[in-house]
Amino acid sequence: MRNLVGDHRWLSLNTATVRKQGSLLEIIEACARHSVRAIDPWRDQVAAVGLDRTAKAVKDAGLELSGYCRGGMLTADTEHRREALDDNRRAIDEAQALGAPCLVLVVGGLPQYSRPGSTPSKDIWDAQREVEDAIASLLDYARQARMPLAIEPLHPMFAADRACVSTTRQALDICDRLDPEKSGAVGVALDVYHVWWDFELREQIKRAGKKRLHAFHVCDWLVPTTDMLNDRGMMGDGVIDIPRIRDAVEAQGFAGYVEVEIFSNRWWERPMDEVIRTCIERLHSVV
């Protein structure tokens, strides 16, 4: 496992971590001030600034990307299915323009939540099938753009509205069926917040191997958690054994950025520079 004590060259900041404190351009400037070498921007933040302007700002600041957030929300009724696929093709194009190493897919839950206006459904099994069919439809386009797709399994509490793929096993089963050659065209983005509880996690990380481990996100799970979406903890403030999970990921050859992604009403109230400094300190001490 890499030694991160006193060295934050492998830190990436997911820009949602400080989204309430400033624009994407201000976040990029802050990362440059603190010698953070990489970011993972969100599409809405990029849209607010403009794709070309964002690409120039990233280049001028000497930053790299650890991923691009996010594609997905693939489940939809027949009327909205083309909309979902077209939206994801645009996300692939944006990720390519920004030089991202992968497009992170939050795949979607039941169709009425993934694509508002879709016919309501309670059929989670059908939603899971739709996810796989949609990724299959996108794969050729993604391959032509040389943009790996990274399925992010989300905690089961988000199965209805955000991701009906809840475990690393589920995500890798999709990868096996769509990319049996293990080319890396489709893999996984692992966020410790969503997978730390899974008793199969270490086995599935080993199964993924280097070619399918596209991204690694860290934060912490607070006890109690007061908001399932927006009460993530800063690393070290909760119960996740982050070093143990990072060790398992890096044992498979993952050598990418350790991406801090914290959705937190508490941390969004603090100054951006304080949050980034704390991320750096915790990377050194508890990640």
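For segment 11-286, the relative contact order is 19 percent, taking Cα pairs closer than 8 Å that sit 6 or more residues apart in sequence and dividing their mean separation by the residue count. What fraction, in whole percent, of alpha-carbon pairs in segment 123-209 exceed 22 Å separation? It works out to 24 percent of all Cα pairs. Taking the DSSP beta bridges with both ends in the chain, the antiparallel portion is around 5 percent.
Separation of segment 38-68 and segment 194-227, taken as the distance between their Cα centroids, equals 25 angstrom.
By the Stokes-Einstein formula, at 1.306 mPa s and 10 °C, segment 1-156 with its Kirkwood radius over alpha-carbon pairs has D equal to 95 µm²/s. Volume per residue for segment 97-241 equals 134 cubic angstrom (convex hull of Cα atoms). Look at where the Cα atoms of segment 236-287 and of segment 88-109 average out, and the two centres are 23 Å apart.
All alpha carbon pair distances within the chain were sorted into 5 Å bins beginning at 0; the resulting P(r) in whole percents reads 1, 6, 13, 17, 19, 18, 14, 8, 3, 0, 0. Can you tell which of 144, 21, 45 shows the greatest fluctuation in a Gaussian network model of the chain with Cα springs below 10 Å? Of 144, 21, 45, the most mobile in the Gaussian network model is 144. Mind checking which of 267, 27, 144 is farthest towards the positive end of segment 11-286's charge dipole, using Cβ charges of +1 (Lys, Arg) and -1 (Asp, Glu) about the Cα centre? Towards the positive end, the residue furthest out is 144. About its Cα centre, the chain has a charge dipole of approximately 620 debye under the convention of +1 per Lys or Arg Cβ and -1 per Asp or Glu Cβ, with nothing else charged. The gain in end-to-end length when the residue 26 to residue 266 segment is fully stretched comes to 84.4 nm, 0.36 nm per residue minus the alpha carbon separation.
Given +1 at the Cβ of Lys and Arg, -1 at the Cβ of Asp and Glu and no other charges, the dipole of segment 130-173 around its Cα centre is 220 debye to the nearest 20. Checking the cross-link pairs 20/56; 59/206; 56/211; 56/182; 122/211 against a 32 Å limit on the alpha carbon distance flags 59/206; 56/182; 122/211 as lying beyond it. Working from Cα pairs under 8 Å separated by at least six residues, relative contact order for segment 66-160 is 36 percent.
None of the figures in this text is laboratory data; all of them are computed from the coordinates on show. Because the structure is a prediction, the values reported are computed rather than measured. Note: ideal-geometry Cβ built from the backbone for every residue, glycine included; neighbour counts use all protein chains shown.
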